[in-house]
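The values are calculated or read from the model by the stated rules, or taken from the named source; none is laboratory data. What you are looking at is a predicted structure, and each value in this text was computed from that prediction instead of being measured. Using ideal geometry, Cβ is built from the backbone for each residue, glycine included, and neighbour counts are taken over all protein chains shown. Calculation scope for accessible area: heavy atoms of the full protein, side chains included, ligands and nucleic acids excluded. Shrake-Rupley method; radii C 1.70, N 1.55, O 1.52, S 1.80 Å.
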Amino acid sequence: QVQLVESGGGLVQPGGSLRLSCAASGRIFRINTMGWYRQAPGKQRELVALIPSSGSTKYADSVKGRFTISRDNGKNTVTLQMNSLKTEDTAIYYCNARGQTSILAYEVDYWGQGTQVTVSS
């Protein structure tokens with residue numbers, strides 16, 4: 001069993017900040033990549049940011065310079081610091097972890113339940 005639990009969502013005014021956190025728990029051999037995705041009403045789920053164990057981060061163009069992703073490999077947590085928030089950032093944010101349950105297993109994706117981020121004045 002592997003679980004991802006997000007926290008930190010809420011309501012914030014434009015220009016404000018939020019910090020999302022996600023903790024992975026359960027039986028897993030190795031988490032290779034962690035990241036955040038989001039889905040707004042009427043839109044497809046999109047990548048926000050990724051951070052593999054190597055630390056080579058990837059960001060969506062729409063959030064570059066405003067969002068920062070980080071992780072603690074020892075604790076299996078990933079954090080998304082969101083600054084200068086815009087109304088366009090309003091969405092449900094999902095934590096994602098890609099890993100293996102054993103060294104012989106294929107990589108699989110694990111997802112959190114999602115946390116709502118609303119940017120509105």
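Residues that are open to solvent by 40 Å² or more (accessible area, probe 1.4 Å) and in a strand (DSSP E or B) were ranked within the stretch 78-109; the one that is farthest from Ser17 (Cα to Cα) is Val108.
Just checking, which of Gln39, Gln81, Gln100, Gln44 is free of Cβ contacts under 8 Å to residues at least 12 places away in the same chain and not small (Gly, Ala, Ser)?
Step by step, each of Gln39, Gln81, Gln100, Gln44 is checked, and only Gln44 is free of Cβ contacts under 8 Å to residues at least 12 places away in the same chain and not small (Gly, Ala, Ser).
Applying the criterion of being over 17 Å from Ile69 (Cβ atoms) and touching a helix residue (DSSP H, G or I) at 6+ places or on another chain (Cβ under 8 Å) to the residues of the stretch 110-120, the residue that is least open to solvent (accessible area, probe 1.4 Å) is Val119. Identify, please: which residue in the stretch 65-116 is of a type in the set (D, E, K, R) and farther than 12 Å from Leu4 by Cα and is, among those, modelled with the lowest pLDDT? Selected residue: Lys75.
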